[in-house]
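Participant: Structure incoming, see below.
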Amino acid sequence: MLSFVLPTEEDTVALGRRLAHIARKGDVFALFGTLGMGKSVLARAFVQELTAVVEVPSPTFTLVQSYEASDFDIYHFDLYRIKSPEEIFEIGMEEALYEGVSLIEWPEKMGGFLPQNVIKVTIANHPQGRKLCIETKSSDFIERLKCL
């Protein structure tokens, strides 16, 4: 596990940008944290770093937004409003998990459909701001994390 203390929102943005540069097609970032922890801030910085998109709205009502980057498409999911794990198939998540890079807010809503090799990003309160922890079983991603 790799941990970062992020005193400001700008620090969260900077880490989102750095993560974008080590992402590869097929990566699934599961963004855990309560409301207001900075999941959308991290995802927005990630998308903006790899695309020319300026406005990156949270997909709270659309459930998914997709963006075209040079090496892969980026899928930003917000599962807060889904009622059952099976709903992920109605929004095209299966294809996104394999064809691009996925950023999933509220991944716990997927239940047993959350892939085993996800990159688990947990953001929590910390006395100095936020604490972000990254965990994964992917040895390939662990190697890429060394660049951070």
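None of the figures in this text is laboratory data; all of them are computed from the coordinates on show. Bear in mind that the values here come from a model prediction, so they are computed numbers and not experimental data. Don't worry about glycine lacking a Cβ; one is built from the backbone with ideal geometry, like all the others, and counts go over all protein chains shown.
Participant: With unit charges on the beta carbons (Lys and Arg positive, Asp and Glu negative) and the dipole taken about the Cα centre of the chain, which residue among ASN117, THR8, SER138 sits farthest to the positive side?
Facilitator: The one lying farthest along the dipole's positive direction is THR8.
Participant: Give me the percent of DSSP beta bridges within region 2-145 that run antiparallel, rounded to the nearest 5. Let's see the in-between values first.
Facilitator: Values: 18 of 32 bridges.
Restricted to region 2-145, the bridges split so that about 55 percent are antiparallel.
Participant: Contour minus end-to-end for CYS133 and SER58, with contour as 0.36 nm per residue of separation and end-to-end as the Cα-Cα distance? All intermediate terms of the calculation are to be shown ahead of the outcome.
Facilitator: Details: separation 75, 0.36 × 75 = 27.00 nm, distance 2.16 nm.
Extra length available between CYS133 and SER58 comes to 24.8 nm.
Participant: Rounded to a whole number, what is D in µm²/s for region 76-121 from Stokes-Einstein with the Kirkwood radius over alpha-carbon pairs (25 °C, 0.890 mPa s)?
Facilitator: Numbers: Rh = 10.8 Å.
Answer, rounded: 228 µm²/s.
Participant: Follow-up question, since we're still on this one. Applying 1/(1 + (r/R0)^6) with R0 = 30 Å to the Cβ-Cβ distance of TYR80 and GLU9, what FRET efficiency is obtained, to the nearest 0.05? It would help to have the intermediate numbers written out before the result.
Facilitator: On the way: r = 20 Å, r/R0 = 0.67.
Efficiency at R0 = 30 Å is approximately 0.90.
Participant: Going down the list LYS83/LYS131; LYS109/LYS146; LYS120/LYS146, which pairs span over 27 Å between their C-alpha atoms?
Facilitator: On the way: LYS83/LYS131 29 Å; LYS109/LYS146 30 Å; LYS120/LYS146 16 Å.
Over 27 Å Cα-Cα: LYS83/LYS131; LYS109/LYS146.
Participant: Which trypsin sites (Lys or Arg not before Pro) in region 79-148 pass both tests, a DSSP loop state and at most 15 other beta-carbon atoms within 10 Å?
Facilitator: On the way: sites: ARG81, LYS83, LYS109, LYS120, ARG130, LYS131, LYS137, ARG144, LYS146; in loops: ARG81, LYS83, LYS137, LYS146.
Those satisfying the criteria are ARG81, LYS83, LYS137, LYS146.
Participant: Moving on. Packing-wise, with mean Cβ within 10 Å as the measure, how do 27-36, 40-49, 85-94 rank, highest first? Walk me through the intermediate numbers first.
Facilitator: Details: 27-36: 18.6, 40-49: 22.5, 85-94: 14.8.
Per-residue Cβ counts within 10 Å, averaged per peptide and sorted highest first, yield 40-49, 27-36, 85-94.
Participant: Taking the Cα centre of the chain as the origin, how large is its charge dipole in debye, to the nearest 20, when only Lys and Arg (+1) and Asp and Glu (-1) carry charge on their Cβ atoms?
Facilitator: Details: 15 positive and 21 negative charges, 120 e Å.
My answer is approximately 580 debye.
Participant: Same structure again: Show me 3-12, 17-26 ranked by packing, highest mean number of other Cβ atoms within 10 Å first. Please report the intermediate quantities before stating the final value.
Facilitator: Values: 3-12: 15.1, 17-26: 16.6.
Result, highest mean Cβ count within 10 Å first: 17-26, 3-12.
Participant: Also, quick follow-up: Under a crude label model (7 Å from the Cα following the beta-carbon direction), how far is SER70 from PHE89 in nanometres?
Facilitator: 3.8
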